[in-house]
Structures are given as C-alpha cells and as structure tokens.
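Student: Below are the structure tokens for one structure; questions will follow.
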Amino acid sequence: MSTKLGLTVLDRGSLSAARELEDFPLRLFPEWRLPLRVAFGLMAFFFFYLLIRDVIYAYVEQRKDISYRIMVSLANKVFPIVSLIMLSLCYLPGVIAAFLQLYRGTKYRRFPDWLDRWMLCRKQMGLVALGLAFLHAIYTFIIPIRYAVRHKLISRVVDEIDNKTTPFDFDKTEAWGTDSFYVLGILGFFLYVLLGLTSLPSVGGTLSWREFSFIQSKLGHLTLGICTAHGYIYGWNKFLRPTTYKWYTPPGYMLCLIVPSVVLVLKVLLLLPCVDRTLTRIRQGWERTQPREEKFMNKSTNL
Amino acid sequence: MSTKLGLTVLDRGSLSAARELEDFPLRLFPEWRLPLRVAFGLMAFFFFYLLIRDVIYAYVEQRKDISYRIMVSLANKVFPIVSLIMLSLCYLPGVIAAFLQLYRGTKYRRFPDWLDRWMLCRKQMGLVALGLAFLHAIYTFIIPIRYAVRHKLISRVVDEIDNKTTPFDFDKTEAWGTDSFYVLGILGFFLYVLLGLTSLPSVGGTLSWREFSFIQSKLGHLTLGICTAHGYIYGWNKFLRPTTYKWYTPPGYMLCLIVPSVVLVLKVLLLLPCVDRTLTRIRQGWERTQPREEKFMNKSTNL
Amino acid sequence: MSTKLGLTVLDRGSLSAARELEDFPLRLFPEWRLPLRVAFGLMAFFFFYLLIRDVIYAYVEQRKDISYRIMVSLANKVFPIVSLIMLSLCYLPGVIAAFLQLYRGTKYRRFPDWLDRWMLCRKQMGLVALGLAFLHAIYTFIIPIRYAVRHKLISRVVDEIDNKTTPFDFDKTEAWGTDSFYVLGILGFFLYVLLGLTSLPSVGGTLSWREFSFIQSKLGHLTLGICTAHGYIYGWNKFLRPTTYKWYTPPGYMLCLIVPSVVLVLKVLLLLPCVDRTLTRIRQGWERTQPREEKFMNKSTNL
C-alpha cells in the first residue's frame, strides 16, 4: 500500500511545484500541454485510420458513399479509443516505475526524466480521458434519434416484411452480449466520473492519503479493467472473421486494446505475492545485495 | 427555519469530528460504511426479489427464458428503487427527531445513539442515492439502442401489419401519462444533481447557513416529493390489476414507495401551523410544563 | 488580453463584496435573484408563445389535439431557447462595456449602474443557462423512449408498406444536416460543462488569472458560437418556407438567435485589428484627445 503512496507523494509535491510555475505569466496551462498533445495526436491518427478503413474502403471496394458517417459514427469510435488509451497511459508509468525499482533493487535512484514528466501529468491525462469518455457517452445516447439510424430501422422492417422466408428470431446470446457490453460501459463511465470527482481539489482535500491512494490506485485499475473488458466484448465474435481485416489492417478497437491489456497484465504480475513482497520491501528502504555506501559508488561508475 | 438549522449545526459539528477520525490510518472512509452497507443490503434484497418475481416467475409459469433481462432491465429497476429508499432515509431521521422533540417537549435531552449515528451519515446516504440515480438515468438513456428493445419494436410492427383488424390508435392518456412520468424523473434527477453539487465542500462553503439549510431542507423534500410522484405514476394504472401481484407478492416499485410516502406524510404533518409553532418554540429553548431544574431531576429518574 | 482581465478583476472584487452581503440574514441567494427572474420571465414568455404557435394553432386550424406535446416537446424547445439567450446575456455586457469605453475614449469613467449590476451576475446567468442546457440534453436523450415517438415510428413504417409507390430513399443531405446539428449540440454542451466546472470555487482557485480569463472569454465565446450555429442548423431549410410563419409569427428558435447573433457580430467587430488596438490602449490607461485634468473638468459638466 505504501507502494502507491510513494508515487502519490512524489506526484503531489511536483504538482504544487508546477502550480508555482503557472503564475509565470506567459504560459497557459503548462501541465496540460503534454496530455492535450498526446490526445490530439492519437485522435488525428485514429481519425484518418478509421476514415480509410471505413469510408474510403466502402467507396473504393463497394462504390458506396457513407461519408455522412464521419460526423457521428466515426467520431464515436475515435473518442472511446483515445479515451481508453489515455486512461491506460495514466497507469502505465506507475507500472514502469515499479518494474524499474524491481530491476534496480533500490528506491534511492532517480527515475529517468521522461518518466518523471509523464508521472507529473497523469492527473491531466486522466481528465482528458474522462472528457473523451463523456463525449463518447453523449454520442451514444443520441444514436437512436439520428436520421440514418431511424432510416435503417425502418428499412430493416420493410425488408423483414417483404422477405418472409427467414423467420425473425430472437437471439439470446446476442441479447446477453450487447447488454453486457452496455453494462460494462455504464459501470466504467460511472467509475470514471467518480475518479474525476475525487480529483477535484475540494473533494480530494477532504480525503486522507490512504483514501486518496485507494481510490486512485484500486478504483483506477478497476475502471481500466472494466473499460478494457467493454472493448473486448465489442469485438468478441469479430476477432476471427476475415471480413474484419479490411485491406489487411486490424480494426481500431483492436489497436486500442493493446496498451490497456499490457498495463493490466503487468499490474497482475506486480500483484503476485512474491513480486509484491519484494517491491514493498524495496519501497520501505530495503536494497538488494549492496549496502548504501557501495551503491552510491556503483552508481557513479554505472553512469 | 431555525428548526432545520439546529439539526444542520449538530450535523456539521459531528462531521468535522468524523473528519479527524479519518486520519486514523487503519480505517478507510469510516462515514461511508453504514450508507454503503445499507445500499448493498437493499440492492441484494431487491435484486433477488425481482429476480424471483420477473425471471423465475416467467420461467416457471410461462416456460419463457427471459434471463437476458437481468443485465439491464432488472438492474434498472433495482437502482431507482434503492435510490429512492436511500433518499427518503436521508430525510427520515430529521422527521423522527422532530417528533421526538415534540413528544419530549424539550430540546435539552440527547437523541438516542442510533439516531445520532444515522443523522451523521445523511450526507453520504444522499450521495450514494445520487450515484444510483445517475446509474438509473444512464441505464434509461441506452434503452432504445438495446438489441432486445429494437427486436421488440420490429416484431411489434410486423405483428401490426399482419393483424390489420385492430386499428393502431394513438392513446392520448398514455402519451400524457408516460410523458409526465419522464418529466418528473428528469426534474427529480436535476434537483438531485443540484443537491449533490451543493454538498461539494467548495460550493457548500460559499453558502450562508440559511442558504445551505434552505437547499438541503426545502429543495431536498421537493426532490423527494417529485421522485416519489415519479414512482407513483410508474404504477398508476397497475395498482388494481390482479396480474400485478404475481405469486401474491407486490411489485418492487410499490415496496419502495412505502418509506418515502411515510416521510412525506410525516413532513406534511410537521408543517401544519399548530405543530410547526410548538416545534419552533421548543427549538428556541421553550419547554413543556416543567421548569429547567425540575426537568433535570426528572431526567435522572427517567433514565 | 488585459482587456478581459480588466472586466474580470472588477467582477471578482464586486463578487466578494456580494458575498459579504450574503451573511445578512434575511436575504437568500441575493446574486441569484436577477438571473432567476430573467430566466423565469423568458421561460414564461416562450412557453406561452410556443403554446399558441404549436398547440393552439394546431387545434384552431387543423382541429387536432396535440396538447400531450406540452410536457416534453414544448419544454424541450423552451429550455434550449432560454439557455442560449441567457448564455448570450453573459457576454453581452462585456461587449457593451467595450463599446462604451471606445465611445468615451477612456476607462476612467464609471459604467452606468445597470451595466455594473448586470456584470456582477454574469456567473450566475451562465450557471442558470448551464442548468437549462442540462435539462435540454436529458429531454433529448429520452426522446426515443417516449410513447408518442415510438407510435409515430411504427405508424410511419405501416404507411411506408401500404404506400409502396414512393420508394424510401436515403437522403444524404438530411443525414449530414441532422448529424452536424447533433454534433454541434454535443460539443456546445461539452464546452458549457467545462465552463461550469471552472466556475467551481475550488477549480477556479487553482487557475491563474490569465488561465481563468482565457477560459471564460475565449472558450465562452467559442461555446456561444457553437450553440448559435446549433440553432441556425436547426432552422437551416425552414427560414424561407411560408409554413414556418404560422399566423405571421416567427418560430421560437429564430427569436432566440437574435441576441446571440448580435453579441457574436459585435464581438467580431471588437476583434478587428484597428478596433482591438484602440481598445487595448484605452484599457492600458491611454485617453483620447484630452489630458487627464481636462477630462475631470469635462466630466463634471457632462454629468
């Protein structure tokens, strides 16, 4: 438990340092720059990736113009994909730091600069991810009132009646699958919002350290797990279909599941009793093999 | 008006005492334990109650497997039911305290321990209720994109066309009824969120005592009234149908209306001019029949 | 940039003065009175205006009783209309103040009292507008589960099948138009919520002046622009149809676009380089034509 506290303290100290920099008059939102750049970079990449796979593919291969999907359908794929990646990027540096400490066998050596900077903007990364999740939720709520969706529904019924040969059966697996998909999404969003609320200065201020670390670590990883499961269920029966891989490219949701899955697997490894025990001892000040003086000497030769 | 202030002050003093306990390192969220236990207890009870009444009843009596409804439909009944009960449990102790003061004729005797403890976690109870209401709202928004709902809609149309004998009329009462139901739900949720926002430390801190008490008491009871009306409209024409009482059990929404209705009736009683006047005098220090010295003597014999 | 800061400082100083007044025991929420009165006034006006245009017009001219629309459809027109007007009323006083300073050629003369009072309640106006936008969003989300909407959808399909002569084509312009309409609404609401979050005391307190002014001014005008575009797209192809002007009255959304459009046009004028340069100089203390002593003399004769 002190494990995460170590990181949190570091984080908070540096955040208050960052706050002093804010008064420097020429920079707006310095700690938001990196997260926003990452978010816009990812959004641009996935937007063009999905534009090619969905709209341009349909135009080239099937001569169908489905460009109207750009506004809502495409955006509603880009937002959750980037949101999930950003959320996992909040928890990746903590995992990397833990493995670095395990590898070095000590907590007395500083993390590399890039890891430090990354850790300092985790809160902002999480809030950007929450913003995108919020957009994803609203985009989902308005799906049924869209013209294209209503039109498709009506066409479907008209087809159904014209073509009486295939009986219109209720598929229970489909009902369970889609409902589980929605429920995981709702629960994930709910926990997301909870995490966002505790990051409000006035709410976070009323929590004790243990409580803050409990929420940010335990609840955070639970949120990541639920949202990743939400992504896996989305593609559950599409992973093995060849039609999924248009032009031999994997669909967007598969790409976005890579980082969260890696984070979750590494986190589970860290929770294994033997690993967890070593890590806890390291964070309490214990060092592998060398006494403290020797380590400082080694360090100078290592660097 | 000083009426509710008395309770609020007591509440706040004790809350800040509870905050000191938080720094005690071994307990997480001490003031959230009771509300969360009540919420999980109620949710478990209503989940199994509705599981038996809806899913198992349909399986036993009609040989239909509607287990897919567990994920969304059943959860979307459990959440609002528990949310409404939790909201009314926020306002029940205040009403009980008022009747206790009326019965005793003095404000100088301490409330029993259980009532004290209950009063101290009203804020947390309200926030748990708000969380459940939030889940209820999102579960409701995604209803139309569910597979089962779309399937039912399409089947309905197909039936409609096959069976031309019954003309498909527009029922104005139904339109008014369902729309009122939704509007009450929306307004209730809106006030719920407002109450939650004013309980944020930074927002509550900018309010004066009178304003805080106005919002928590007047607006809170209004919210409870609107949400209770939302529940009554849900069952408006089902109360007298025999099919409502499967296996001679009342439906869930009826059970959940009991506590809120009791709270509202008692609150209305307290607002009657004669009762209100007596209560105000008691809270200003007035005591029935005995002078202060005598009361203290009586108290020692009573206890 | 110092432009907006000038106004913000004035605003904040006066707000803290208003906060002292709150402790005066007999007044509840003094700074909320004017915004709430304006909001209720506008809501009452637009409610009756739309009631006459929609429900009563349909009853008188077509003998159709569509009174069930009052609960949701009518309310869902009144809320966004009043919300947009209230949002533009947040930014109108800033624009008026700028033009007044340009006209007077100095920043050393006090604004008239009504402008001062108006400026002091801009934050509350914005929050009322946010509340109405929140209601508008929820009213929109529940549209597809309404009885009347489902009924209309089913009737539409039945008609479609009976009347096979007109093929049921997909209108791409319609799809683009409605989707753009929803996307602008979603983005506007998202920015609205962001603005509301930064007005929370604890969040606003962590921002530097420049950041707060950046958000409230740049982001605020962007929000107003997006929401106004949302309104224009709503009526995009209805502006020139004669059926739009029932009983020679313009529809509600046209009326509600007047104030925002005026604010945006004036704001664009203020951003023209030549105007902006003069205004910046005035706000840095420069005065047109007269030296400072002379101005004070002129002022006494003017007043």
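The values are calculated or read from the model by the stated rules, or taken from the named source; none is laboratory data. Predicted model, so just to flag it, every value in this text is computed and none were measured. As a convention, Cβ positions derive from the backbone with ideal geometry for all residues, glycine included, and neighbour counts pool all protein chains shown. In case anyone asks, the SASA skips ligands and DNA or RNA and just uses the protein heavy atoms, side chains included. Shrake-Rupley method; radii C 1.70, N 1.55, O 1.52, S 1.80 Å.
Student: Please go through the stretch B:61-79 and give me each residue that is farther than 23 Å from A:THR173 by Cβ and surrounded by fewer than 20 Cβ atoms within 10 Å (Cβ to Cβ), ordered by number. Before you say what the answer is, go through the steps one by one.
Tutor: Initial filter on the stretch B:61-79 (farther than 23 Å from A:THR173 by Cβ): B:61, B:77-79.
Scanning the stretch B:61-79 gives a single hit, B:GLU61.
Student: Quick one: how many residues across the stretch B:216-234 are open to solvent by less than 40 Å² (accessible area, probe 1.4 Å), under 13 Å from B:ILE258 (Cα atoms) and over 11 Å from the mean Cα position of the chain (by Cα)?
Tutor: Count: 1.
Student: When you scan the stretch A:64-72, do you find a residue that is in contact (Cβ under 8 Å) with a residue 60 or more places away in the chain and of a type in the set (A, V, I, L, M, F, W, C), even just one?
Tutor: So the first thing to find is which residues in the stretch A:64-72 are in contact (Cβ under 8 Å) with a residue 60 or more places away in the chain, and the list is A:68-69, A:72.
Restricting the remaining residues to those that are of a type in the set (A, V, I, L, M, F, W, C) gives A:72.
There is at least one residue in the stretch A:64-72 that is in contact (Cβ under 8 Å) with a residue 60 or more places away in the chain and of a type in the set (A, V, I, L, M, F, W, C).
Student: Listed residues C:GLN101, C:GLN124; which is in contact (Cβ under 8 Å) with a residue 24 or more places away in the chain, within 14 Å of another protein chain (Cβ to nearest Cβ), open to solvent by less than 30 Å² (accessible area, probe 1.4 Å) and in a helix (DSSP H, G or I)? Can you show your working first?
Tutor: On the way: C:GLN101 fails: within 14 Å of another protein chain (Cβ to nearest Cβ).
Just one listed residue meets the conditions, C:GLN124.
Student: Among the residues of the stretch B:192-215, write down those that are within 22 Å of C:LEU135 (Cβ to Cβ) and open to solvent by less than 50 Å² (accessible area, probe 1.4 Å). Reasoning before the result, please.
Tutor: Initial filter on the stretch B:192-215 (within 22 Å of C:LEU135 (Cβ to Cβ)): B:192-200, B:203, B:214-215.
Correct list: B:TYR192, B:VAL193, B:LEU195, B:GLY196, B:THR198, B:SER199, B:LEU200, B:VAL203, B:ILE215.
Student: So, one more: Between A:PHE24, A:PHE40, which is modelled with pLDDT of 95 or more and aromatic (Phe, Trp, Tyr)? Lay out the reasoning, then the answer.
Tutor: On the way: A:PHE24 fails: modelled with pLDDT of 95 or more.
Among A:PHE24, A:PHE40, only A:PHE40 is modelled with pLDDT of 95 or more and aromatic (Phe, Trp, Tyr).
Student: Test each condition in (1) buried (at least 23 other Cβ atoms within 10 Å of the Cβ); (2) in a loop (DSSP other than H, G, I, E, B) for C:MET86 and report the one that comes out false.
Tutor: Tallying (1) buried (at least 23 other Cβ atoms within 10 Å of the Cβ); (2) in a loop (DSSP other than H, G, I, E, B), C:MET86 fails exactly one: (2).
Student: Could you tell me whether any residue of the stretch A:28-35 is open to solvent by less than 40 Å² (accessible area, probe 1.4 Å), modelled with pLDDT of 90 or more and part of a helix (DSSP H, G or I)?
Tutor: yes
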